1. Pick out, in residue order, every one of the GluC sites (Glu not before Pro) in the stretch 51-126 that is DSSP loop and has at most 12 other C-beta atoms within 10 Å; say none if there are none.
2. Kindly write out, for the stretch 70-79 in residue order, the coupling ³J(HN,Hα) from the Karplus curve 6.51 cos²θ - 1.76 cosθ + 1.60 (θ = phi - 60°), rounded to whole Hz, with x marking Gly and Pro.
3. Translational diffusion coefficient of the chain at 37 °C, 0.692 mPa s, Stokes-Einstein with Kirkwood Rh over Cα pairs, in µm²/s as a whole number.
4. Remind me, relative contact order of the stretch 1-127 in percent, using alpha carbon pairs under 8 angstrom and six or more residues apart?
5. Applying the Karplus parametrisation 6.51 cos²θ - 1.76 cosθ + 1.60 with θ = phi - 60° to the phi angles of the stretch 97-102, what ³J(HN,Hα) value in whole Hz is obtained for each residue in order, glycine and proline being reported as x?
6. What are the extents of the Cα atoms of the stretch 275-356 along their three principal axes, in Å, largest first?
7. Excluding same-chain residues fewer than 8 positions from Lys145, which aspartates and glutamates have a Cα within less than 12 Å of its Cα?
8. For Lys121, list the lysines whose Cα falls under 22 Å from its own Cα; do not include residues on the same chain fewer than 8 positions away.
Amino acid sequence: MTLVAGIHEAHGATFETRGGVEVVSHYGRPERTHRAVRNGVGVIEHGYGVVAVEGEDRVEYVDNAVTNTVPADDGHGVYALLLDPDGRIQTEMYVYNAGERLLIFTPPDRAEPLVEEWRSKTFLQRVTIRDASDEFAVFGVHGSKSTEKVASILSGAGAPEPELTFVRGSIGGEYGVTVIASDNPTGEEGYELICRATDAEDVFEALLLYGNPAIPVGYQTWESLTTEAGTPLFESELRGNVPNVVGVRNALDFDKGCFVGQEIVSKVENRGRPSRRLVGVRADGLPEEGPDAFAGADVLADGDVVGTVTRAAVSPILDAPIGFALVEYDVGTDELTIDVDGERLSATVETLPFVEGSARSARIPTYPEPQ
């Protein structure tokens, strides 16, 4: 549930529910907001779930469960996944070492199940695990001028670098915040600011009004920005898929010890390439129902079904329908067709990102070089 509903409403927000959490859909003109982020700064209230892991064995416990190596040092984070025994993604997460505890940011509907699962497996390890989602507010600051924005409002620290490191400071010397350098999901420089839930309204207003100007951003704009940037999202591209099939190799440490699903991930890796891959596609037109109708549509090559569209949006920068499709690995780039309930539209595979911004998303799908 949004913690700053009144401020959103004052800016003309329309709301929607994602993962059981109320978030802002848009503020009336999502395409205009999209361009404003590309040229300046936008601020979004993120609907994360937050899990706190404390105790002497906290780093070892989480490290043994997830696909990437959990940092041992305060001020550092990592993007990781939790897999099922078949190697399929149960949840994505950002794991941050905050000194005496780890803070784990998940999709909103995954925090509670994660806590329940991990609590049942603590055995003799010295850890405590709890759902801390109600304790924090998280705001994303994204755009080509986001570094200047953060520098203009943050006291006691400079903008952190590199990606997924963080610093602690304050806004106006009054509201304590943690500022994380993002892994650039919008294809622009970006940061996430974490504060106490009780300070959410004051911090959000400060982000909009103090220092360099910024505009509020909803999830429709988030979808179009991340699509242009080539960033696969949990619900549409990642959930239920094997990580090296969808190309999120930045979430995998192939040299670390055993984790659930590792055997499948290793088998796919040892083959040299997966049977399918996630690609960017650009269509020559829109179906009658709009870009949302692309999701789940078949992708054809030479009349044969070779894949499925996962999500699509109309790019405000390219003025064209773009999206992602999970296709057979060897699919070429020409003469593809997308079948939307019998309506067929020509399409091509495009190099990601669709739009070059001030930074490159760390989550752009990548695959091993041919042997």
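Bear in mind these aren't lab numbers, they're just calculated from the coordinates by the rules spelled out. All figures in this text were calculated on a predicted structure; none of them were measured in a lab. Note that we place each Cβ from the backbone using ideal geometry, even for glycine, and neighbour counts take in every protein chain shown.
1. Those that pass, being in a loop and sparsely packed, are Glu56, Glu100.
2. Going residue by residue, I get 6, x, 8, 9, 4, x, 10, x, 8, 8 Hz, with x marking Gly and Pro.
3. It diffuses with D of about 154 µm²/s by this estimate.
4. 23 percent
5. 7, 10, x, 7, 8, 9
6. Principal extents (largest minus smallest coordinate, Cα): 32, 31, 18 Å.
7. Reachable aspartates and glutamates: Glu188, Glu189.
8. Within the straight-line cut-off, Lys121 pairs with Lys256.
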